[in-house]
1. From the set of residues in the stretch 72-81 that are assigned to a loop (DSSP other than H, G, I, E, B) and open to solvent by 30 Å² or more (accessible area, probe 1.4 Å), which is nearest to VAL32 (Cα to Cα)?
2. Just one of (1) surrounded by 12 or more Cβ atoms within 10 Å (Cβ to Cβ); (2) over 28 Å from SER78 (Cβ atoms) trips up GLU95, so point out which.
3. For the list (1) free of Cβ contacts under 8 Å to residues at least 60 places away in the same chain; (2) under 15 Å from GLN159 (Cα atoms), I need the number of the one condition that ARG125 fails.
4. Out of THR180, THR153, which single residue is open to solvent by less than 100 Å² (accessible area, probe 1.4 Å), in a loop (DSSP other than H, G, I, E, B) and either within 20 Å of LEU140 (Cβ to Cβ) or among the hydroxyl-bearing types (Ser, Thr, Tyr) (or both)?
5. Restricting the search to the stretch 123-150, which residues are among the polar types (S, T, N, Q), farther than 17 Å from GLY83 by Cα and open to solvent by 60 Å² or more (accessible area, probe 1.4 Å)?
6. Of all residues in the stretch 98-111, which are open to solvent by 40 Å² or more (accessible area, probe 1.4 Å), in a helix (DSSP H, G or I) and over 17 Å from SER70 (Cα atoms)?
7. For the stretch 112-121, enumerate the residues that are touching a helix residue (DSSP H, G or I) at 6+ places or on another chain (Cβ under 6 Å) and open to solvent by 30 Å² or more (accessible area, probe 1.4 Å).
8. Given the criteria out of contact with any Gly (no Cβ under 6 Å at 6 or more places or on another chain) and outside any helix (DSSP H, G or I), does SER128 qualify?
Amino acid sequence: MAKRLKAAERRGSILAVAKVLFADKGYHGVAVDEIASRLGVSPAVLYRHFPSKEALYDEVLDTLAAHRESYVDAALRSPDDFGSVLLRMTLVFAESVARDPDYLKMEMLSTLEDTQVTRQFFESRWKSFTDYIEYSMQELAGKNTVSQINPRTAGLMFQGIVREALYAKCILHSSRYQDTRLPDLITQLVGLFLSAIQYRGEKHDE
């Protein structure tokens, strides 16, 4: 017999289990009955908290999006040049993914769901990076310390290389990268990105 929980606790437990299942199988691969079975309750219990599977899925995405990483410390620490701050931000993000790969799995699978909620979730995960890269490159271009690559294109390139590396390292656990520490991999990738945009900022030792 399932333990009786307070409404907030029950709602939280539903979201936690749904997150794991949606991350593993995607929206269409998970049935309400499976979520209920994993929780040890009847589907009716789920429907008392969420009117539909779609509503539950949207709530899972909203909850994940609300737990965005804080980059305040990364931005305020020294050295404060573009390359150093970007590296620290990326390390924060990568460490967050390593602690809970379900976040990245949900992002990957959510891109297949063509809804406003899934688009917002995907964009929110990378907004801090795209905003920082676009703003900084516009400023640095005026100082002739980066190439004239379109900042939005550069932001897209950055997302691609970091996301692919995290898929390989944290989700697929590729043997090709098992001997490379995640911080070292991220440092190398950020260095490649800075070289690609021909960043000529001051070099610092971390």
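The values are calculated or read from the model by the stated rules, or taken from the named source; none is laboratory data. All of these numbers come straight from a predicted model, not from anything done at the bench. Positions of Cβ are backbone-derived with ideal geometry, glycine not excepted, and every protein chain shown enters the neighbour counts. These area figures cover heavy atoms from the full protein model, side chains too; ligands, DNA and RNA do not enter into them. Shrake-Rupley method; radii C 1.70, N 1.55, O 1.52, S 1.80 Å.
1. So the residue we want is ARG77.
2. Only one criterion in (1) surrounded by 12 or more Cβ atoms within 10 Å (Cβ to Cβ); (2) over 28 Å from SER78 (Cβ atoms) is unmet by GLU95, namely (2).
3. Just one mismatch for ARG125, condition (1).
4. Matching residue, one of THR180, THR153: THR180.
5. Residue satisfying the conditions is ASN150 alone.
6. LYS105, MET108
7. VAL117
8. No; evaluated as a whole, the condition is false for this residue.
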